[in-house]
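First comes the structure, then the notes that go with it.
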Amino acid sequence: MELLSRTLARVKPSPTIAVTTKAQELKAAGRDVIGLGAGEPDFDTPQNIKDAAVAAIAAGKTKYTAVDGIPELKQAICAKLKRDNSLEYTPSQISVSSGGKQVLYNALMATMNPGEEVIIPAPYWVSYPDMVLLAGGTPVAVEAGIEQAFKMTAEQLEAAITPNTKWLIFNSPSNPTGAGYSWDELKALTDVLLRHPHVWVMTDDMYEHLAYDDFKFCTPAEVEPALYDRTLTVNGVSKAYAMTGWRIGYAAGPEKLIGAMRKIQSQSTSNPCTISQWAAVEALNGTQDYIAPNNEMFVRRRNLVVEALNAIEGVICPVPEGAFYVYPSIAGLIGKTSAAGTLIENDETFATALLEETGVAVVFGAAFGLSPNFRVSYATSDENLIEACKRITAFCADLT
Ligand code: PLP
C-alpha cells in the first residue's frame, strides 16, 4: 500500500514559496540576492494593532475561543463590510480562520464533489487550482491575457459555464497581475451569473484596500445584490494592515455554507490564534489613516518598476490598478540566449537564469497559469527596486 494519498499526487507545492526559499538559500550562501518574489508588504504592523495584541496577552485572552471567531471580531467584520462595501451581514454569517488561505480552503472542502468544476480566470493566485484539486474538484482555467488587460470577459465566462460548474473564483485587484475590475466590468460578469443560478461566486477581496489612481474597488454582492445568497465574500488583514504573520482571514456568506466551513475548522485547526483575533479587531475598528500614505508609496514604486521594465526591448508591462504586483510579458525575449549561455525557452528558464546570473528573484508566469510572463512584487524598498530593475535591464540587454 502507498504511504501517500492519491489526492496529494494531483497537487504541487506553492511555487511562490519555493522561489522565496531558493532566494533565501542563495542569500544564506553569501550571494547578493534581491527578492521580488514575496507577496507581503515590507512595512511593519501598525503600532495600535501590536498594542492591542499585547493588551490581549496581558488580560489573559490566551485561551481557546469559539471555533470560527470571537463575537467582537465578527462584529468588527460586519461593521467593515457595511462601511466599505455596503453589505449587510450578521455575525452568524461570518467565519474567521487562520488567514484568507484557510477560509478559501474550508469553503472548497465544504462544497466540492468529484466531477464538479470551479472556473478560475488565469493568471490566477497559485493556490486556487491546487486547493480545488485537494477538495476533489476540477479547476477550469479561463485565460485572460495581456491583450484583454488580464481580465476575463462576460463571453468567456458564459462559454466556461457547464451544468457541473459550482463556483467562479473572482480576485480583484488580482495576484499576480494587479488588474482590478471596474464596476461595469464586474457587472458584465454578474449579469452572466444571474442567468446561471447553480453557479456560486467566491470573491477573494484580499487586495481591496490596495487600489490606486482613480480605480474604485467593488465586490460582486455589492454590484449585483441578487447574487447575495450565492456569494462568499473573502477578505483578511494580511495585506492592508501588514499582518501576514498574524494569520487572520474571514468570509461572509449564507449561514448554511458558513456552518459547513465551521464544521471543517472544528475538526482540523479549531479557532485561529486568539491574540491575533484581538489584534484584527483593532485593525478593523481602529484608525485606517495609514492606508492612504502606504498606497502613495506603493504607487511610486509601481510607477518606478513599470517605467523601468517598459524601457526594456522585448518586455511589455501594463500599469496595474492595485495590489503590489506587476506581470510583464517577455514574449519578445523567448528564444534568446543569456550571457552565461542559457537558452530562454520559457518564463521558467528566464526566471531561473535571472536569479542565477543576477541575483534577482521573481516568480515565473507558468506558476500562475499564463505565459510567457513573470511576476514582480514591488513591496520592497525603492533602493532594492532600482537596483533590481538595473540588473534585469542589463540581463535583458545581454541576451542575444
Ligand atoms: N488570496 C490572494 C489573492 C493572495 O495573494 C493571498 C496571499 O498571498 C491570499 C489570498 C492569502 O492571504 P492570507 O492567508 O495571508 O490571508
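The values are calculated or read from the model by the stated rules, or taken from the named source; none is laboratory data. In this text the structure is predicted, and so the values were computed from the model without any measurement. Positions of Cβ are backbone-derived with ideal geometry, glycine not excepted, and every protein chain shown enters the neighbour counts. Only protein heavy atoms, including side chains, enter the accessible area calculation; ligands, DNA and RNA are left aside. Shrake-Rupley method; radii C 1.70, N 1.55, O 1.52, S 1.80 Å.
Yes/no matrix, rows are residues, columns are (1) more than 30 Å from Glu383 (Cβ to Cβ); (2) within 16 Å of the ligand (Cβ to nearest atom); (3) touching a Cys at 6+ places or on another chain (Cβ under 8 Å):
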| residue | (1), (2), (3) |
| --- | --- |
| Ser14 | no, yes, no |
| Ile17 | no, yes, no |
| Arg31 | no, no, no |
| Asn48 | no, no, no |
| Lys61 | yes, no, no |
| Gly69 | yes, yes, no |
| Leu81 | yes, no, no |
| Ser86 | yes, no, no |
| Thr90 | yes, no, yes |
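Looking at Asp214, Asp184, just one residue is part of a loop (DSSP other than H, G, I, E, B) and free of Cβ contacts under 8 Å to residues at least 12 places away in the same chain, and that residue is Asp214.
Condition (residue is assigned by TED's automatic domain parsing to the domain that holds Cys273, more than 22 Å from the chain's Cα centre (by Cα), among the aliphatic types (A, V, I, L, M) and in a loop (DSSP other than H, G, I, E, B)) applied to the stretch 67-86: is it met by at least one residue? For the stretch 67-86, residues assigned by TED's automatic domain parsing to the domain that holds Cys273, more than 22 Å from the chain's Cα centre (by Cα), among the aliphatic types (A, V, I, L, M) and in a loop (DSSP other than H, G, I, E, B): present.
Filter the stretch 136-149 for residues that are within 21 Å of Leu193 (Cβ to Cβ) and either free of Cβ contacts under 8 Å to residues at least 12 places away in the same chain or open to solvent by less than 20 Å² (accessible area, probe 1.4 Å) (or both) and give the result. Lay out the reasoning, then the answer.
Applying the first criterion (within 21 Å of Leu193 (Cβ to Cβ)) to the stretch 136-149 yields 137-144, 148-149.
Result: Gly137, Val142, Ala144, Gln148.
With respect to the conditions (1) in a helix (DSSP H, G or I); (2) touching a Ser or Thr at 6+ places or on another chain (Cβ under 9 Å), Arg375 lacks only one, and its number is (1). Residues in the stretch 7-26 that are closer than 15 Å to Val360 by Cα, modelled with pLDDT of 75 or more and either outside any helix (DSSP H, G or I) or open to solvent by less than 30 Å² (accessible area, probe 1.4 Å) (or both): 2 in all.
Could you please let me know if Tyr212 is more than 20 Å from Lys82 (Cβ to Cβ) and at pLDDT 95 or above? Yes; evaluated as a whole, the condition is true for this residue. Meeting the requirement of 2 or more residues that are within 29 Å of Thr111 (Cα to Cα) and open to solvent by 60 Å² or more (accessible area, probe 1.4 Å), the helices (runs of 4 or more DSSP H) wholly within the stretch 245-347 are 255-266. Only one of the numbered conditions (1) closer than 29 Å to Ala283 by Cβ; (2) among the charged types (D, E, K, R); (3) open to solvent by 40 Å² or more (accessible area, probe 1.4 Å) is violated by Glu208, and that is (3).
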